[in-house]
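Take a look at the structure set out below.
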Amino acid sequence: MAQDDFTRGLKTERMTNIALAFKKAGAMLAAIDLELFTHISNGKATADEIGAVLGIDAEKIDRLLTACKSMDMIREIDGQH
């Protein structure tokens with residue numbers, strides 16, 4: 001009995017989705033670890049404000065906010081989260 005190649009039919013799209021899931025999980029865990037959602041709910045509405053509270057460069061916080069927005073975890077309205 002010939003053994004089937006389990007990789008046959010494995011499409012690039014599926015592999016990309018797996019890789020993106022890993023990145024999304026990392027962003028979500030970082031947001032939870034940094035208590036990002038708590039800071040937002042406490043009125044820290046911009047990357048500058050959140051970065052100042054956490055002692056992290058606002059550009060890095062902005063990247064995390066962008067990742068969270070892409071997953072519909074937060075929304076931005078007029079520059080405020």
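Might you check whether a residue that is open to solvent by less than 70 Å² (accessible area, probe 1.4 Å) and in contact with a strand residue (DSSP E or B) (Cβ under 7 Å, 6 or more places away or on another chain) occurs anywhere in region 35-45?
yes
With the structure loaded, tell me whether residue 18 is closer than 18 Å to residue 67 by Cβ, in a helix (DSSP H, G or I) and open to solvent by 80 Å² or more (accessible area, probe 1.4 Å) or whether it fails that test. Break it down stepwise before answering.
Working: closer than 18 Å to residue 67 by Cβ: yes; in a helix (DSSP H, G or I): yes; open to solvent by 80 Å² or more (accessible area, probe 1.4 Å): yes.
Yes, satisfied.
In region 24-50, which residues are in a loop (DSSP other than H, G, I, E, B) and closer than 16 Å to residue 77 by Cα?
Within region 24-50, 43, 44, 45, 46 qualify.
The values are calculated or read from the model by the stated rules, or taken from the named source; none is laboratory data. None of these values were measured; they are calculated from a predicted model. Here Cβ is always computed from backbone atoms with ideal geometry, including for glycine, and neighbour counts include all displayed protein chains. These area figures cover heavy atoms from the full protein model, side chains too; ligands, DNA and RNA do not enter into them. Shrake-Rupley method; radii C 1.70, N 1.55, O 1.52, S 1.80 Å.
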